[in-house]
Amino acid sequence: MSKNALTQVFSRIAEQMTFMFVEPLDSPPPPTEPPYMCVSMQFIGPFSGVLSLYAPGDLCRQVAMNVLGVDDPMEAGSHFKPCDTMCELLNVTCGNLLPELAGREPVFNLTPPRAFEIETTDWEAITQDPDAQGFLMEDFPVYLKLIRT
Amino acid sequence: MAYNILVVDDSATVRAVIRKTLELAGVDLGEFLEAENGKEGLEVLRKSWVDLVFCDINMPVMNGEEMIRAMREDEELRSIPVVVVSTEASATRIEALHKLGVQDYIKKPFTPEMLRNVVKTLLGGES
């Protein structure tokens, strides 16, 4: 149920926000280059947990350009912050996912998302984690993992 | 007529997207003011003339609900319309925000039409 909801919500939100075609990834990911990023946030409410998003840096840059509607990062100036854009993508995904899981009445408190770089070994581990859901955003792999605590 | 609009959101991306969306929607922007949290938002409001505030809820330092509460307790700021733009859309939270005097609530992700309609409804005139 959680994984189905996550797949549907992330596909819808990512397509609306980034104008990129998104589809579930059920096979090994296409090759990518480091750096790799993880964005993570907590939610606290009737049930609590952590939602994390893992992506190659190249995808983060592409997402930021699409969301800001620019062809060149220079056009966006100081607002071009790929990690910040990925945090917002995760934030909106989480905010839309929780009502799907818990209904519209319960109140959840969300912590602001934080982004950090991960090692290539951590990226490889997440691509093989059965609890993580993979997606292809155009040609880039991205993974989401929901952990209930 | 040009409107001075303040966007309070901890995401630089969201602030930039709201600005671009308002421009694309044909809203006549005067000053476009930005703040990263509720505390900064209150400082901007006390220094500048603002016609409308777009405000997130989930922010560090001072969240949106605390900022709106402080605005409503301040005689000079209480009449400024506030629109919450947030991912958090539980019925309970929205009802609490309306009790605080929030004029409208836009759930992320938003469209240009949503922002344009809110500006038109709250500030009047052709935007």
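The values are calculated or read from the model by the stated rules, or taken from the named source; none is laboratory data. The structure displayed is predicted, hence computed values, not measured ones. Here Cβ is always computed from backbone atoms with ideal geometry, including for glycine, and neighbour counts include all displayed protein chains.
Points worth noting:
- Every listed requirement among (1) in a helix (DSSP H, G or I); (2) out of contact with any Asp or Glu (no Cβ under 9 Å at 6 or more places or on another chain); (3) at pLDDT 95 or above; (4) away from chain B (no Cβ under 11 Å) is met by A:VAL63 save one, (4).
- In segment A:23-49, the residues that are outside any strand (DSSP E or B) form Cβ pairs under 6 Å with partners that are modelled with pLDDT of 95 or more, at six or more places apart or across chains, as follows: A:PRO29/A:THR127; A:PRO29/A:PRO141; A:THR32/A:PRO56; A:PRO34/A:THR120; A:PRO35/A:GLY57; A:PRO35/A:GLU117.
- For segment A:72-126, the tally of residues that are of a type in the set (Val, Ile, Thr) and facing chain B (nearest Cβ under 9 Å) stands at 5.
- Among residues of segment B:17-42 being out of contact with any strand residue (DSSP E or B) (no Cβ under 9 Å at 6 or more places or on another chain) and among the hydrophobic types (A, V, I, L, M, F, W, C), the one that is surrounded by the fewest Cβ atoms within 10 Å (Cβ to Cβ) is B:LEU24.
- Unmet requirement for A:VAL70, which otherwise passes all of (1) outside any loop (DSSP other than H, G, I, E, B); (2) farther than 26 Å from A:LYS3 by Cβ; (3) not acidic (Asp, Glu): (1)
- Residue that is within 21 Å of A:GLY95 (Cα to Cα) and touching a helix residue (DSSP H, G or I) at 6+ places or on another chain (Cβ under 8 Å), where the choices are B:ALA91, B:ALA12: B:ALA12
- Selection from segment A:17-37 of residues that are within 14 Å of chain B (Cβ to nearest Cβ) and surrounded by 15 or more Cβ atoms within 10 Å (Cβ to Cβ): A:MET17, A:THR18, A:MET20, A:VAL22
- Among the conditions (1) modelled with pLDDT under 95; (2) crowded, with 20+ Cβ neighbours inside 10 Å, the only one that B:GLU95 does not satisfy is (2).
- Qualifying residue in segment A:57-75 (condition: free of Cβ contacts under 8 Å to residues at least 12 places away in the same chain and at positive phi): yes
- Considering B:ARG46, B:ARG93, the condition of being touching a residue at least 24 places away in the same chain (Cβ under 8 Å), among the basic types (Lys, Arg), within 14 Å of chain A (Cβ to nearest Cβ) and not in a loop (DSSP other than H, G, I, E, B) is satisfied by B:ARG93 alone.
- Any hit, segment B:58-71, residues being farther than 19 Å from B:ASP10 by Cβ and surrounded by fewer than 18 Cβ atoms within 10 Å (Cβ to Cβ): no
- Residue list for segment B:49-90, restricted to those being touching a strand residue (DSSP E or B) at 6+ places or on another chain (Cβ under 6 Å), away from every other protein chain (no Cβ under 14 Å) and part of a helix (DSSP H, G or I): B:ILE68
- Test: B:VAL7 is surrounded by 17 or more Cβ atoms within 10 Å (Cβ to Cβ), in a helix (DSSP H, G or I), within 14 Å of chain A (Cβ to nearest Cβ) and touching a residue at least 40 places away in the same chain (Cβ under 8 Å): no
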